Every structure is written in structure tokens, then in C-alpha cells.
1. Given 64, 28, 24, which one is out of contact with any strand residue (DSSP E or B) (no Cβ under 8 Å at 6 or more places or on another chain) and either within 20 Å of residue 181 (Cα to Cα) or in contact (Cβ under 8 Å) with a residue 40 or more places away in the chain (or both)?
2. Among the listed residues 77, 90, 94, 123, identify the single one that is free of Cβ contacts under 8 Å to residues at least 40 places away in the same chain, touching a helix residue (DSSP H, G or I) at 6+ places or on another chain (Cβ under 7 Å) and surrounded by 23 or more Cβ atoms within 10 Å (Cβ to Cβ).
3. Restricting the search to region 69-96, which residues are modelled with pLDDT of 95 or more and not in a helix (DSSP H, G or I)?
4. Can you say whether residue 116 is surrounded by fewer than 19 Cβ atoms within 10 Å (Cβ to Cβ) and either in contact (Cβ under 8 Å) with a residue 40 or more places away in the chain or within 26 Å of residue 70 (Cα to Cα) (or both), as far as the supplied structure shows?
5. Checking residue 86 against (1) farther than 23 Å from residue 34 by Cα; (2) under 13 Å from the mean Cα position of the chain (by Cα), which single condition isn't satisfied?
6. Hey, can you tell me all the residues within region 169-180 that are loosely packed, with under 14 Cβ neighbours inside 10 Å and either assigned to a loop (DSSP other than H, G, I, E, B) or modelled with pLDDT of 95 or more (or both)?
7. From the list 157, 179, 163, pick out the single residue that is over 19 Å from the mean Cα position of the chain (by Cα) and more than 26 Å from residue 43 (Cβ to Cβ).
């Protein structure tokens, strides 16, 4: 049974009237996105494995703090989740840290609302993956629908959509994550 907080969270995830940002906030966000993308690309070019591992560690550590993300942190999260190997590494770490999932979901829901459209699908899909691990099927469905509405080609959202439509239990997702090590995720074996 869903409680009022779950309903409010679901509504905010798909709320097309997300808090509007001022011109200054949009400028700050966009500047930080450009910088984070450039920095991440340079780090990947130097040592992709280390860059992804460092990025996951930074995101993982930061999302444990309840304070809202600043624009630099928002940018690092958004850019990181657009990289499939980094995203999968973060999901693998979250699999092993169930006590942190709720905290991460709270951050992700806020960042979906503040995000540029090109980053919504990865953010919403990671939120959905966490919700599914937690057995929150309705929240998973809402997040996947939102991700696919923004980007119908986002492959992880498509896979989760298929799993939900076929009533695949979340234990299958959990077993899949458990079967692949963190390093393998960063190398692209997931």
C-alpha cells in the first residue's frame, strides 16, 4: 500500500510543471554541465577505467549527504549517468548499499525536476532502477514512463519497461547486478 509521501513523490517525478528556473540558474546549470562534460571527457581520454571509478566514487559519496546538490554537483551527476559504464557502476554500488537507496532516490527526484531534457532519461531511469530494487513497482513504472516519454530510445528504460510489462520480479534485476562486479561494470561487461 502506498502512503501519501509515495504519492507526492510520484506526482513530482512526472510533474510537467517542475519548478521553473531563473535565467541566472539556467546559466549556472548550463555552465557547470559544459565544464563537467569537458572535464569528464578529458579524464576518460586519459584513463577511462580510472575516470569512471573516480566519478562513481565522487557521486556515491556526495549523494550520501542530504543537502541539495549545487549546480556543479548536479552537472557531475548528470554527465556521469549519461555514460553507461559509469551509470552501471553506480547502480552496482547501490545494489550493495540498500540503506542508501532512499537517500539517492530523494536526490534523483529533485535533479530530474532541475535537469535539461537530455539528462532526464538517465536520471529517471536510475531512479526507476533503485525503486525496482526496493520493490516499488508503481514508482518504477512512473519513472520509466517519464524517461521513455523524454527519450523513447533510452535502452535501460526500454529494458526495465519490458521487465515490468512481463511481471519480471525485481529479484531478477538484483541477481543480475550481483552477478557482475563493479570493475566489470566500469569496463562495460554489464
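The values are calculated or read from the model by the stated rules, or taken from the named source; none is laboratory data. Please read these numbers as outputs of a predicted model, since none were measured by experiment. When we count neighbours, we look across all protein chains shown, and the Cβ atoms used for this are built from the backbone with ideal geometry, even at glycine.
1. The unique qualifying residue is 28.
2. Every option except 90 fails the conditions.
3. Within region 69-96, 69, 70, 83 qualify.
4. yes
5. For residue 86, the failing item is (1).
6. 169
7. 179
Rundown of residues vs (1) surrounded by 15 or more Cβ atoms within 10 Å (Cβ to Cβ); (2) assigned to a helix (DSSP H, G or I); (3) modelled with pLDDT under 90; (4) out of contact with any helix residue (DSSP H, G or I) (no Cβ under 8 Å at 6 or more places or on another chain), yes/no style:
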| position | (1), (2), (3), (4) |
| --- | --- |
| 1 | no, no, yes, yes |
| 18 | yes, no, yes, no |
| 44 | yes, yes, no, no |
| 65 | no, no, no, yes |
